[in-house]
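Only one structure is covered here, and it is reproduced in the block below.
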Amino acid sequence: KAGVTQTPRYLIKTRGQQVTLSCSPISGHRSVSWYQQTPGQGLQFLFEYFSETQRNKGNFPGRFSGRQFSNSRSEMNVSTLELGDSALYLCASSGTGGNTEAFFGQGTRLTVV
Amino acid sequence: DAKTTQPTSMDCAEGRAANLPCNHSTISGNEYVYWYRQIHSQGPQYIIHGLKNNETNEMASLIITEDRKSSTLILPHATLRDTAVYYCIVRGLKTSYDKVIFGPGTSLSVIP
């Protein structure tokens, strides 16, 4: 069974640009969550999608957005990039049911210069 | 607020058992204890979870105290590849991941 796939693995962008990150969950998983990880802040929850609907959103500005497609693949977009957006962006997928663990992808390392 | 507390760092000799403690004194009756680990710059990897009984899988064992206020993750024969940050989290059956707090974790160094 293939794991969670995130693309691209590494990305360098300039301040003011926008970026789109992609996440393909484990086959059959319908829930996808996104996290931002920085050295000082640890893992910070961004949002969670289930069946193409955003279920929860973390405390991030509106520049951060996401969506989920009918095949459960998800994308997140960050517009007007700032230097502080440099981070490892992680995606996790989980199955239905409450007692299910989340499986993380390898992440996308975004550097804003 | 963090729902779990873990030591910041630990060392373990290669081949010995690594015992990583976690305190979760405010855990609710329906909350499970999950353990993940993160090797540098990779995504967190699920290790094990449990409710109240001790659990074992091919990676580790999880010992949960009878009052469920603390637990210990045991890596029976630590190898250098077990060097990572280990996260202990609690999550209920219907808790969405926005409510799950990943604290700073324990940085485990396995020493040759």
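Taken over segment A:69-88, residues that are part of a strand (DSSP E or B) and within 14 Å of another protein chain (Cβ to nearest Cβ) amount to 3. For segment B:67-77, the criterion of being surrounded by fewer than 20 Cβ atoms within 10 Å (Cβ to Cβ) and either without any contact (Cβ under 8 Å) to a residue 12 or more places away in the chain or within 14 Å of chain A (Cβ to nearest Cβ) (or both) is met by at least one residue. For A:GLN37, the criteria (1) among the polar types (S, T, N, Q); (2) touching a Phe, Trp or Tyr at 6+ places or on another chain (Cβ under 9 Å); (3) free of Cβ contacts under 8 Å to residues at least 40 places away in the same chain hold in every case but one, which is (3).
State all residues of segment B:89-112 that are assigned to a strand (DSSP E or B) and more than 9 Å from chain A (Cβ to nearest Cβ); if no residue qualifies, say none. Quick ask: steps written out before the conclusion?
First, the residues of segment B:89-112 that are assigned to a strand (DSSP E or B): B:89-92, B:106-111.
Passing the criteria: B:ILE89, B:VAL90, B:THR106, B:SER107, B:LEU108, B:SER109, B:VAL110, B:ILE111.
Selection of segment A:12-34 for residues being touching a residue at least 60 places away in the same chain (Cβ under 8 Å), more than 12 Å from A:ALA92 (Cα to Cα) and either surrounded by fewer than 16 Cβ atoms within 10 Å (Cβ to Cβ) or within 11 Å of chain B (Cβ to nearest Cβ) (or both) yields A:ILE12, A:THR14, A:ARG15, A:GLY16, A:GLN17, A:GLN18, A:GLY28.
When segment B:10-40 is filtered for residues that are touching an Asp or Glu at 6+ places or on another chain (Cβ under 7 Å) and more than 14 Å from every other protein chain (Cβ to nearest Cβ), only B:ALA18 remains. Within segment A:12-43, the residues that satisfy the criterion of being in a strand (DSSP E or B) and either closer than 16 Å to A:ARG63 by Cβ or β-branched (Val, Ile, Thr) (or both) are A:ILE12, A:LYS13, A:VAL19, A:THR20, A:LEU21, A:VAL32, A:TRP34, A:GLN36, A:THR38.
Before we move on, is A:SER24 touching a strand residue (DSSP E or B) at 6+ places or on another chain (Cβ under 8 Å), more than 21 Å from B:PHE102 (Cα to Cα) and of a type in the set (Gly, Ala, Ser)?
So A:SER24 fits the description; yes.
Run down B:THR8, B:THR95, B:THR26, B:THR83 and say which single residue is over 19 Å from A:ALA92 (Cβ atoms), out of contact with any Gly (no Cβ under 7 Å at 6 or more places or on another chain) and surrounded by 13 or more Cβ atoms within 10 Å (Cβ to Cβ). Sole residue among the options that is over 19 Å from A:ALA92 (Cβ atoms), out of contact with any Gly (no Cβ under 7 Å at 6 or more places or on another chain) and surrounded by 13 or more Cβ atoms within 10 Å (Cβ to Cβ): B:THR83. Filtered by the rule that a residue be of a type outside the set (Gly, Ala, Ser) and within 13 Å of another protein chain (Cβ to nearest Cβ), segment A:56-68 gives A:ASN56, A:LYS57, A:ASN59, A:PHE60.
Quick check on segment A:49-59. Is at least one of its residues outside any loop (DSSP other than H, G, I, E, B), polar (S, T, N, Q) and in contact (Cβ under 8 Å) with a residue 24 or more places away in the chain? Can you show your working first?
Kept after step one, since they are outside any loop (DSSP other than H, G, I, E, B), are these residues of segment A:49-59: A:49-50, A:53-57.
Retained after the next criterion (residues that are polar (S, T, N, Q)): A:53-54, A:56.
Applying the additional criterion that residues be in contact (Cβ under 8 Å) with a residue 24 or more places away in the chain yields none.
Looking through segment A:49-59, none of the residues is outside any loop (DSSP other than H, G, I, E, B), polar (S, T, N, Q) and in contact (Cβ under 8 Å) with a residue 24 or more places away in the chain.
Of all the residues in segment A:89-105, those that are modelled with pLDDT under 95 and either outside any strand (DSSP E or B) or more than 10 Å from every other protein chain (Cβ to nearest Cβ) (or both) number 9.
The values are calculated or read from the model by the stated rules, or taken from the named source; none is laboratory data. It should be emphasised that the depicted structure is a prediction, and the values quoted were computed from it without experimental measurement. Please note: Cβ atoms are built from the backbone with ideal geometry, for glycine as well, and neighbour counts cover all protein chains shown.
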